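The structure appears below as structure tokens.
The values are calculated or read from the model by the stated rules, or taken from the named source; none is laboratory data. Fair warning: this is a prediction, and the values are worked out from it, not measured in the lab. Cβ placement follows ideal geometry from the backbone for every residue including glycine, while neighbour counts extend to all protein chains displayed. Ligands, DNA and RNA are excluded from the accessible area calculation, which covers all protein heavy atoms including side chains. Shrake-Rupley method; radii C 1.70, N 1.55, O 1.52, S 1.80 Å.
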Amino acid sequence: MEPTNRHKTEVSIIVGVTPRKGFNSIFNLLETIFSQKGDITFECIVVDVFDKQREKIYREQFPRVKVIQTETLLYEPCLRNIGVKQAQSEIITFLEDHILLSPSYLKNLVKLFSNGYKIVGGTVANANPKSFFGWIQYFCEYNKWLPGLPDGKVKDLPGCNFSYHAEVLKKLGPFPEGEFGVETYFHKKARDAGYNLYLCSGLEVAHVNDAMLRLTSIARFKYGQLFAARRGFSRMKQVLYIVLSPVIAILEYVRIFKHTRHNSFYLEKLIQCTPFLLPILFIWMMGECSGYISGYGRPKTKNG
């Protein structure tokens, strides 16, 4: 598919493939993209590591997708930066390969930008609610963006579901590249530059969660390590966080509880998951403590 003129397409959808959720996750997403309601013109840019089987499926079942293949598996911020260079639209949407779109997603998205919004995102539902352990990852990652929240200005947007006006991206520059999920820091950069972030229930997606508790435990520990490296705390503040880490884990649970209490369904699920969620939150804090102690993930200086 040749690049489309910016004036002929309304939305550029960018998906970086990190196939830890299964071989077919990207194709499940593409099915929901190409079955959208309305007559929205869009291009879909998928950045994926070279794989003969997936390449064949793209070519035969999704010929409209522009596929950019990399030689090695890259972290998601790198994949997104590659995709942005190819985007031809004023509205640039960033999705993860293991989500599913609601039917009117693109129609609602274009309407928001036509009303003057520059940065928007949507709520995140649970795509595999029958998986008990899937709820653990879901509450850890998406408790701030549960379905049912009112539309309005927010401080952060979900990393699996957000859109920027192309001119804003141009001013802010590329995503910082690394293993850590950098969207929160990028959104803060946008806020510091004077832009508002808006959450819209009409842009809901469903997230496919890890069904194995072991995978969630490993991911949370590593996330904590990398989060510690990104924070840039002084040594004194690091020591304070290490000493208070058990209390901080409990406070995180309280925050999740506050985010779920508006909806009886999610609150019930949270209560059911509590015996497993609390240990995961402690593992998360152990990872952060490990990051402070070892300096894991911290950029190297010239002096080592």
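Sort segment 50-117 into rounded, prolate or oblate with this rule: let a ≥ b ≥ c be the square roots of the eigenvalues of the Cα gyration tensor; rounded if a/c is under 1.5, and if a/c is not under 1.5, prolate when a/b is larger than b/c, oblate otherwise.
Since a/c reaches 1.5 and a/b is larger than b/c, the shape of segment 50-117 is classed as prolate.
Can you run phi through the Karplus equation (6.51, -1.76, 1.60; θ = phi - 60°) for segment 260-268 and list ³J(HN,Hα) in whole Hz, with x for Gly and Pro?
Calculated HN-Hα couplings, in order: 9, 5, 6, 10, 4, 5, 5, 5, 4 Hz.
What is the sum of charges, Lys and Arg at +1 and Asp and Glu at -1, for the other residues whose Cβ falls under 13 Å from the Cβ of Glu252?
So the environment of Glu252 carries a net charge of +2.
Once each part is reduced to its C-alpha centroid, what is the distance from segment 53-68 to segment 131-197 in angstrom?
28 Å
Using a simple charge model, +1 on the beta-carbon of Lys and Arg, -1 on the beta-carbon of Asp and Glu, nothing else, what dipole does segment 1-134 show about its Cα centre, in debye to the nearest 20?
Roughly 200 debye, rounded to the nearest 20.
Calculate the FRET efficiency for Lys130 and Lys8 from the Cβ-Cβ distance with a Förster distance of 30 Å, rounded to the nearest 0.05.
The pair Lys130/Lys8 has a calculated efficiency of 0.10.
What is the ratio of the Cα radius of gyration of segment 164-228 to 2.2 N^0.38 Å, with N the residue count, to two decimals?
1.42
Return the loop-located trypsin sites (Lys or Arg not before Pro) in segment 20-101 (DSSP other than H, G, I, E, B) with at most 16 other Cβ atoms within 10 Å of their own Cβ; answer none if there are none.
Lys37, Arg64
Grab the Cα-Cα distance for Lys111 and Thr41, subtract it from 0.36 nm times how many residues apart they are, and report the gain in nm with one decimal.
Going from the current span to full extension adds 23.9 nm.
At a Förster distance of 45 Å, what's the computed FRET efficiency of Glu268 paired with Lys237, Cβ-Cβ distance as r, to 0.05?
0.75
Under a Cβ-only charge scheme (Lys and Arg +1, Asp and Glu -1), can you give me the dipole magnitude of segment 214-304 about the Cα centre, in debye to the nearest 20?
Once rounded to the nearest 20, the dipole reads 420 debye.
Check which residues have an amide H placed less than 5 Å from Asp151's amide H, if you skip close sequence neighbours.
Residues meeting the criterion, in which the H sits 1.01 Å from N, are Ser201.
What whole-number volume per residue, in cubic angstrom, does the convex hull of the C-alpha atoms of segment 92-169 give?
It comes to 106 Å³ per residue, whole-number rounded.
If I compute solvent accessible area with a 1.4 Å probe over the protein chains, what percent of it on the chain is carbon and sulfur?
Answer for the chain: carbon and sulfur cover 57 percent of the accessible area.
Quick check on the chain: helices-only [θ] at 222 nm, where DSSP H runs of length 4 and up contribute -39,500 (n - 2.57) each and the sum goes over total residues. Nearest 500, please.
The helix-only estimate for the chain comes to -14500 deg cm²/dmol at 222 nm.
What whole-number value in Å² describes the accessible area per residue of the chain for a 1.4 Å probe?
For the chain, the solvent-accessible area averages 49 Å² per residue.
Which of Leu29, Leu100, Leu172 ends up with the largest GNM mean-square fluctuation for the chain, with Cα atoms connected below 10 Å?
It is Leu172.
Dividing the Cα radius of gyration by the Kirkwood radius, what Rg/Rh value follows for segment 1-132?
0.95
Counting DSSP beta bridges with both partners in segment 26-175, what percentage is antiparallel, nearest 5?
Counting only bridges with both partners in segment 26-175, antiparallel ones make up about 60 percent.
Could you give me the percent of Cα pairs per 20 Å distance bin for the chain, shortest bin first, beginning at zero and ending with the bin that holds the maximum distance?
Going out from 0 Å in 20 Å bins, the chain shows 32, 59, 9 percent.
Over the chain, what is the mean sequence separation of C-alpha contacts under 8 Å (at least six apart), divided by residue count, expressed as relative contact order in percent?
20 percent
Taking the Cα centre of the chain as origin, work out the dipole magnitude from +1 charges on Lys and Arg Cβ and -1 charges on Asp and Glu Cβ, in debye rounded to 20.
820 debye
Can you give me the angle between helix 213-231 and the longest principal axis of the chain, using Cα atoms only, in degrees from 0 to 90, rounded to the nearest 10?
Between helix and principal axis, roughly 90 degrees.
If you plug each phi of segment 97-105 into the Karplus form 6.51 cos²θ - 1.76 cosθ + 1.60 with θ = phi - 60°, what whole-Hz ³J(HN,Hα) values come out, in order, with x for Gly and Pro?
Once θ is set to phi - 60°, the couplings for segment 97-105 become 6, 10, 10, 10, 8, 6, x, 9, 4 Hz.
Please report the antiparallel percentage of the DSSP beta bridges confined to the chain, to the nearest 5.
40 percent
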